[in-house]
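Single-structure report; data block below.
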Amino acid sequence: MRRVLIVAAVVATTLAGAVTALATFGLERRLDVGTVRLSVDPAHDGALDLYVPLVDWGVRFPVVRLPVRINVDVRAVDRDAVVALAEDGRLDAAAVRAQARDALVYYLRLAILVSVLAGLALGVLVAFAVRGGRGPRLRVTLPVAAGTSLAIGVALVVLLPPRSNVDSPQYYANGPEVPTALRALESLGASSKTLDDEIDEQLVGIARFVNAPAGRPPLANSLPRLTVASDLHNNVIALPALERAARGGLLLFDGDLTDRGSPVEQTLVLRVARAGTRLVFVSGNHDSDVLERKLARTGAIVLTRSGRLGGDGSTDGRIVTRVGDLRIAGYDDPLKRLARDRYRDNGAVYSRAEQERFAAWLQALRGKVDVVMVHAPALAQLALKALREEPPAAPLLLIEGHTHKAALERIGTVSVLNAGSVGGGGTGNLTEAGGDIGLARVTYTSLPAFVPRAADLVQIDPGEGEAQARRVRLDPAADPQP
C-alpha cells in the first residue's frame, strides 16, 4: 500500500505541476494591428475566446476538446494602424488572421513544452523526496514521473489545439454593450466572404471610435459605470484624458490632486471638479485642508472620516453618503497638509495607531456601505487583514491610490482597486522613462443590491502614446453571459 501511495503521489504531483504551469503561463505577441495576450484557463468548457476590452465584446468558438479555455485578449492597439483603418476603411483581414494563427500556434507549442517540463520537474522532485525506506526505488518512481509527463504532453498535443470548423461562434459582452452588428452576425451563416466583409466594417467603426472617442454616441440602457482616478499631482496636461474618461458618469478621485495643496495649485486643478457628472473626493498626503474646502464650495462631494465636508470646514456627521444609487464613505488622509502649518510635508509613513483607527472606522461600516475610498494602502493594512479573515457578506469596493501602480486584488466579496496615477506621477515624471498615466472604470449593478461586475484598468504611456486596457471580472459569475 505504501508503494502504491507513493507512485500515486508522483503521478498526482506531476499532473498538478503540468496543470499549474498551463494555467499560469501567458504570452504577449505583437501583430500589425496591436498586441494580444494568449493564455489558458483550465476547468472551463473547451473553447477559443477572442475578447476586445475596448468595446466590451468577445467571440467564443467551442473548438477545444480539453476542458480548458484558450484566451486571446486584445491588450493594445497600434495607433498608426487604427488611424489608417479609420481613414481608408480597409483591412487585410486574411493577413491579420494568419498572424494571429501563427501567434496562437507558437504559444500553444511553448505552453505544452512548459507544462510537460514543469510536471516532470515536480514529479522528479517528489520522487527524490520519498526515496529510501520501504517505498519504491528511484528506478521505479523516475520512470513514472517521466511517463506521466509524456502522457500529459501527448494529451495536450492531441486535445488542446483548436481542431474544428469555426461555424458556431457565440458573441458575448456585459449588458447591452454588444455592438448592433454582432446581432446581425449571428444570422449571417458560415459564409467566409460575408463574415470578412462584416468584420471589416465593424473594425472601421471601432477604429474611428479610437481615433475620435468624443464622437461615440451614448449607450442607452447600459449598466452604470464609474471612473476611478488618483494622484494627478498637479499635472494639468493629463486633465483632458481624465475628462474624456469621466464624461457622463461618476468620478471618484482618491487623493493627491496636487503636490502641496497650495493656493496656486488649487486654481490650476479645480477644473477636475467639473469632470464627470459628479466628483467624489478624498484627500491624499499631498493635498491640503484648504483644497478640500475649495472643492466642497465648487459642488464636489468631499468625504472625510466624520462625514461630508462643507465649504466652511464643517461636516454633516453622516459617515456614509448616498451618491445616486451608491453608498460611499471616504477617509481623509491623516498626513494631509494644513494651511496653518504652511503646507508642511508630513511624509508618507502611517503609524500603527492610524492603521488601527482606520480599521475600527471600517469595521463599523460593515454592511452599510458599497464603496470605501482611502488614499494610502499602508493605512488600510490592518483593515485588509481583518477582511481576509472575515469577508463581509455583501460586496465591497475598496479604492486606494498613492503607489502610482495599478492593482486589483480580490478578497472574497471585497475588491481592492488601485487605478495607478492619472497624472503619470506628476509633470516631472512625464519623460520617456516616466510613469504611465493610469485610471480605471468600474461597471456595476445596483439593483437589488450593489455588485461590481468588471474593472477596466487603463494605462497610457505618455512618451509613446500607447494605451493598454485590462478587464477583470469582479462578479461571482466568472463567465460572460451570451
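Being crowded, with 18+ Cβ neighbours inside 10 Å, outside any helix (DSSP H, G or I), out of contact with any Pro (no Cβ under 8 Å at 6 or more places or on another chain) and not charged (D, E, K, R) is the requirement here; does Val369 meet it? In short, yes. Taking the criterion of being crowded, with 23+ Cβ neighbours inside 10 Å, free of Cβ contacts under 8 Å to residues at least 40 places away in the same chain and in a helix (DSSP H, G or I), would at least one residue in region 309-330 satisfy it? No, region 309-330 has no match at all.
Any idea which of Ala339, Ala359 is surrounded by 12 or more Cβ atoms within 10 Å (Cβ to Cβ) and over 14 Å from Ser283 (Cβ atoms)?
Working: Ala339 fails: over 14 Å from Ser283 (Cβ atoms).
The unique qualifying residue is Ala359.
Identify the residue in region 270-297 that is in a loop (DSSP other than H, G, I, E, B) and closer than 15 Å to Gly313 by Cβ and, among all such residues, is modelled with the lowest pLDDT. Quick ask: steps written out before the conclusion?
Kept after step one, since they are in a loop (DSSP other than H, G, I, E, B), are these residues of region 270-297: 275-277, 283-287.
Narrowing the set further to residues that are closer than 15 Å to Gly313 by Cβ leaves 283, 287.
On the way: Ser283: 96, Asp287: 93.
My answer is Asp287.
Condition check ((1) under 28 Å from Val144 (Cα atoms); (2) modelled with pLDDT under 90) across all residues:
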{"residue": "Leu27", "(1), (2)": "no, no"}
{"residue": "Asp32", "(1), (2)": "no, yes"}
{"residue": "Ala43", "(1), (2)": "yes, yes"}
{"residue": "Asp56", "(1), (2)": "no, yes"}
{"residue": "Val63", "(1), (2)": "no, yes"}
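Before we move on, is Ala394 surrounded by 21 or more Cβ atoms within 10 Å (Cβ to Cβ), in contact with a Gly (Cβ under 8 Å, 6 or more places away or on another chain), at pLDDT 90 or above and in the same structural domain as Val272 (by TED's automatic domain parsing)? Answer is no for this residue. Quick check, is Gly307 over 23 Å from Ala419 (Cβ atoms), of a type outside the set (A, V, I, L, M, F, W, C) and in contact with an Asp or Glu (Cβ under 7 Å, 6 or more places away or on another chain)? Spelling it out, Gly307 is indeed over 23 Å from Ala419 (Cβ atoms), of a type outside the set (A, V, I, L, M, F, W, C) and in contact with an Asp or Glu (Cβ under 7 Å, 6 or more places away or on another chain). Looking only at region 85-112, residues that are modelled with pLDDT under 75, assigned to a helix (DSSP H, G or I) and either surrounded by fewer than 16 Cβ atoms within 10 Å (Cβ to Cβ) or in contact with a His (Cβ under 7 Å, 6 or more places away or on another chain) (or both) come to 4 in all. Of all residues in region 220-269, those satisfying the criterion of being of a type in the set (S, T, N, Q) and assigned to a helix (DSSP H, G or I) are Gln266, Thr267.
The values are calculated or read from the model by the stated rules, or taken from the named source; none is laboratory data. These numbers were taken from a predicted model, which means no experiment stands behind them. Backbone-built Cβ (ideal geometry, glycine too); neighbour counts: all protein chains shown.
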